[in-house]
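Here's the structure, in structure tokens; my notes come after.
Only the coordinates and a few stated rules stand behind these numbers; no lab work does. Note that the structure is predicted; figures quoted are calculated from it, not measured. Cβ placement follows ideal geometry from the backbone for every residue including glycine, while neighbour counts extend to all protein chains displayed.
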Amino acid sequence: MKFFHRTTNAHRRFKSLSSIEVEGVCYDTLPDIKSAIFGFYKSLFTESEQWRPGVEGLSLPMLQASDKDCLELPFSEEEVSTKKFLKPSLIAAVE
């Protein structure tokens, strides 16, 4: 039994963070480590640029009502059996 406990404790020690360095600054207390990790991921997933491409001023064709209704129809048996709804590059991957 002691082997199991020693191995488990060794794994726990190996997987723990006693300090972390972010942008050249070393953090060694638990609240500071949590704050550094949170700040890192917050900046990672936050957009720094305010500009985004838009569609204003572009002349895009509009769907007619008949086209819209056609898009909402379920696939027919023929389309499913012949895989007409897939791109040719995907058909090879499915087969």
- Item | Number of Lys pairs (Cα under 21 Å; 8 or more positions apart or on different chains) in the chain | 5
- Item | Unit Cα scatterers, Debye sum, the chain: log10 I(q)/I(0) for q = 0.22 Å⁻¹ | -1.14
- Message: 5 Å is the cut-off here: which amide hydrogens, built 1.01 Å from N in the peptide plane, fall below it relative to V22, excluding neighbours closer than 5 in sequence?
- Response: Y27
- Task: Could you list F38, F3 in order of exposure, starting from the residue whose Cβ has the fewest other Cβ atoms within 10 Å?
- Result: F3, F38
- Task: Starting from the Cα of R52, step 7 Å along the direction of its Cβ; do the same at Q64; then give the gap between the two resulting points in nm.
- Result: 3.3 nm
- Item | Extension gain from K42 to T29, taking 0.36 nm per residue of separation minus the Cα-Cα distance | 2.7 nm
- Nearest-ten-degree value, helix 30-44 long axis tilted from longest Cα axis of the chain: 20 degrees
